[in-house]
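S.K.: This is the structure, below, for whatever I ask next.
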Amino acid sequence: MVKEWATVVRWQQGRALLRYGSSSGCGSCQAKTACGSYLLEKLGPESIHQLELEIAQPLQPGQKVEVGIPESSLLRSAMLVYLTPLLGLFLGGLLCQYWTADQLWVCMGGIIGGIAGFALARKIAAYWDIQQAYQPIVLQIGLPPDTIKVLHQE
């Protein structure tokens with residue numbers, strides 16, 4: 001199970017909007033300028049993400065919730081996203097290679113096959129989106145932020 005802690009942004013009628021950040025260790029290390037992962041993270045999109053889940057228990061903004069997804073579902077999704085377009089690219093190029101020896105047509109066949117692979121992956125992902133195995137589940141719900149009060153004694 002891949003787990004991540006998220007913060008409640010809002011909760012209305014059994015639906016919670018959660019915000020979570022990337023769990024990368026970047027930022028705490030001293031090798032920032034020499035690290036490829038740090039540079040890629042800075043070039044990439046925002047590291048804050050939002051997720052909307054059904055949670056029957058009333059929640060308060062700022063409350064922490066641990067969500068998880070089975071590793072098998074995550075691996076199947078990654079294989080779908082990366083391997084389906086690659087397989088389409090190879091099959092499209094191979095079919096055009098069999099049909100004609102002209103390299104321009106083989107290249108075009110590969111590009112069309114890759115696009116068809118992306119379209120197929122998108123269709124399969126839309127089907128998987130409604131299946132329960134691919135939905136994140138709530139593992140733990142933390143205490144509301146105003147529950148614990150620390151008193152300083154002098």
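S.K.: How many percent of the alpha carbon pairs in the stretch 73-131 exceed a separation of 12 Å?
M.R.: 64
S.K.: Tell me which residues come under 5 Å, amide H to amide H, from residue 55 once H is placed; ignore anything under 5 positions away on its chain.
M.R.: 15, 16
S.K.: Here is a follow-up. Using a 1.4 Å probe, how large is the accessible area of residue 90, given in Å² and rounded to the nearest 10?
M.R.: Only protein atoms counted, so the area is about 130 Å².
S.K.: Another one. Can you pull the three principal axis extents for the Cα set of the stretch 46-154, in Å, largest first?
M.R.: 85, 32, 19
S.K.: Around residue 63, which amide H atoms from residues at least 5 apart in sequence, or from another chain, sit under 5 Å from its own amide H, with H modelled in the peptide plane?
M.R.: 8
S.K.: Also, I was wondering about something else. Using a 1.4 Å probe and ignoring any ligands, DNA or RNA, find the accessible area of residue 102 and quote it in Å² to the nearest 10.
M.R.: 70
The values are calculated or read from the model by the stated rules, or taken from the named source; none is laboratory data. Keep in mind the model is a prediction, meaning the values are calculated, not measured. The area values use the complete protein model at the heavy-atom level, side chains included, leaving out ligands, DNA and RNA. Shrake-Rupley method; radii C 1.70, N 1.55, O 1.52, S 1.80 Å.
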